[in-house]
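Right, I'll just put the structure down here and ask away after.
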Amino acid sequence: MKDSWCKPLETENGMLYGGAARNVRIAAADGMDAIIENAARSAARDALRHATERASAPKKNVVGFKRKAG
């Protein structure tokens, strides 16, 4: 594999490569379920923050009007 999860990893017991290096990295992050949950939470937080910022941004092209009574 050529992805960053499988790149060589130096440990106190020597070098690990490929799937062994990937497994150590996954275990260090508390497992794949935790990695996925953390990524999903982070993405949701970022999306909500962005939406909140956009919703509270000043409206430059909006013209106000008063409603007629009646």
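No lab work stands behind these numbers, since they all come straight from the coordinates. Worth saying up front: this structure is predicted, and the values here are computed from it rather than measured. Positions of Cβ are backbone-derived with ideal geometry, glycine not excepted, and every protein chain shown enters the neighbour counts.
GNM, the chain, Cα, under 10 Å: largest mean-square fluctuation among Ala34, Ala44, Ala55?
Ala55
Longest segment of the chain with no trypsin sites (Lys or Arg not before Pro) in a DSSP loop having at most 16 other Cβ atoms within 10 Å?
3-58
If the only charges are +1 at each Lys and Arg Cβ and -1 at each Asp and Glu Cβ, what is the size of the charge dipole of the range 4-56 around the Cα centre, to the nearest 20 debye?
Result for the range 4-56 is approximately 220 debye, rounded to the nearest 20.
From the backbone phi of the range 33-47, what are the Karplus-calculated ³J(HN,Hα) couplings (6.51 cos²θ - 1.76 cosθ + 1.60, θ = phi - 60°) in whole Hz, Gly and Pro given as x?
Karplus-based 3J(HN,Hα) across the range 33-47 equals 4, 5, 4, 5, 4, 5, 5, 5, 4, 5, 5, 5, 4, 5, 5 Hz.
Counting other Cβ atoms within 10 Å of each Cβ, which GluC sites (Glu not before Pro) in the chain have at most 13 and sit in a DSSP loop?
Of the GluC sites (Glu not before Pro), the ones in loops of the chain whose Cβ has at most 13 other Cβ atoms within 10 Å are Glu12.
Based on Cα positions only, what radius of gyration and what Dmax would you give for the chain, in angstroms?
24.1, 82
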